[in-house]
Every structure is written in C-alpha cells, then in structure tokens.
1. State which residue is surrounded by the fewest Cβ atoms within 10 Å (Cβ to Cβ) when the search covers only the stretch 54-82 and only residues that are aliphatic (A, V, I, L, M) and touching a strand residue (DSSP E or B) at 6+ places or on another chain (Cβ under 6 Å).
2. If you check every pair at least six apart or on different chains, which have Cβ atoms under 9 Å apart with a residue in the stretch 75-93 that is charged (D, E, K, R) first and a residue that is surrounded by fewer than 19 Cβ atoms within 10 Å (Cβ to Cβ) and assigned to a loop (DSSP other than H, G, I, E, B) second?
3. Would you say Glu117 is charged (D, E, K, R), closer than 19 Å to Ala31 by Cβ and modelled with pLDDT under 90?
4. Quick check: anything in the stretch 39-53 of a type in the set (Asp, Glu), at pLDDT 90 or above and in contact with a strand residue (DSSP E or B) (Cβ under 7 Å, 6 or more places away or on another chain)?
5. Quick check on the stretch 74-114: of everything there that is over 15 Å from the mean Cα position of the chain (by Cα) and among the small types (Gly, Ala, Ser), which residue is modelled with the lowest pLDDT?
6. Looking at the stretch 54-73, I want the residues that are farther than 14 Å from Ser86 by Cα and have a partner that is assigned to a strand (DSSP E or B) and of a type in the set (Ser, Thr, Tyr) with Cβ atoms under 6 Å, at least 6 apart or on another chain. Which pairs are those?
Amino acid sequence: MSAEPASASAAAPSPITATGLNLRNYTLEGATVVVCSGRLTLEHSERLKTYVRDLMPNAKGLILDMKDVNRMDSAGLGALVALYISAKKTHCEFLLANYNQSIKDLLGLTNLLAVFESTARSGLRIP
C-alpha cells in the first residue's frame, strides 16, 4: 500500500453525503441561526460543536434550527448539552427550534427537555 493515497485523502476530506450533517448559518433579529440538516449522531457531533462554538464569541444569541435533522443519538444529545453549557459560560442565549417529535421525545426521556425549557414551552418555530 503506497503512502500517496492516504495523504491525498487526508489533504482533501470527502464531502459529507446526504446522510451526514450539513450546517449553515444566517442572522435573524440579532441572533445567529444555525440550520442543521441530516444526522446528528456520533460521527457528526464534534463537527456541530466546533461549528457552533466558533460562532459564540460574536453572537449574543444562537438558535439551532433542527427542522431537517432526521436522526439524533446520545452523542447528538451530548453535543446539545455541551453547547448549552458553553453558551451559558459566554453569556450567549442558546435555543433549539423546529425540532421534530422524535427529538422532543428523546429530550423528554433523558430529562433534558427541562434544560431547553424556554423553547420547549413556547414551541419556538422560525421560518
């Protein structure tokens, strides 16, 4: 096995497929909205944490729009909690929006719905 193919793939990571996690952001009424689509699972949770934490120093508020997240596992839950804690430390409001019933059930089963209480009660929806 030659070293060239390994270094070539390390230099140019393969694109994330439709089953991966895609992230983009925009500003809405002074808050940074991070649109998440795909799977928030073990293989993608670090990417979400890095992406969102990089936005925190310049954001007064962060909203994770989870409308197009079709799967979340325990690592995804851990990523949300870690981001919530990081946001609190930097005095940045952190909200979840547009999450589906499956994610709401998962948050409820793990008693994490209370952590995101403000959005859970209001059922925050953004366009």
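1. At the first step, the residues of the stretch 54-82 found to be aliphatic (A, V, I, L, M) are 55-56, 59, 62-64, 66, 69, 72, 75, 77, 79-82.
Now drop any that are not touching a strand residue (DSSP E or B) at 6+ places or on another chain (Cβ under 6 Å), which leaves 55, 59, 62-64, 66, 69, 72.
Details: Leu55: 13, Ala59: 22, Leu62: 24, Ile63: 23, Leu64: 28, Met66: 21, Val69: 24, Met72: 23.
If we take residues in the stretch 54-82 being aliphatic (A, V, I, L, M) and touching a strand residue (DSSP E or B) at 6+ places or on another chain (Cβ under 6 Å), then Leu55 is surrounded by the fewest Cβ atoms within 10 Å (Cβ to Cβ).
2. Correct list of pairs: Glu93/Lys60.
3. Numbers: charged (D, E, K, R): yes; closer than 19 Å to Ala31 by Cβ: yes; modelled with pLDDT under 90: yes.
Yes, satisfied.
4. Residues of the stretch 39-53 of a type in the set (Asp, Glu): 43, 46.
Keeping just the survivors that are at pLDDT 90 or above gives 43, 46.
Imposing the further condition that a residue be in contact with a strand residue (DSSP E or B) (Cβ under 7 Å, 6 or more places away or on another chain) reduces the set to none.
Within the stretch 39-53, not a single residue is of a type in the set (Asp, Glu), at pLDDT 90 or above and in contact with a strand residue (DSSP E or B) (Cβ under 7 Å, 6 or more places away or on another chain).
5. Across the stretch 74-114, the extreme among qualifying residues is Ala114.
6. If the second residue must be assigned to a strand (DSSP E or B) and of a type in the set (Ser, Thr, Tyr), the pairs left are Asp68/Ser37.
The values are calculated or read from the model by the stated rules, or taken from the named source; none is laboratory data. What you see is a predicted model; the values in this text were computed from it and never measured. As a convention, Cβ positions derive from the backbone with ideal geometry for all residues, glycine included, and neighbour counts pool all protein chains shown.
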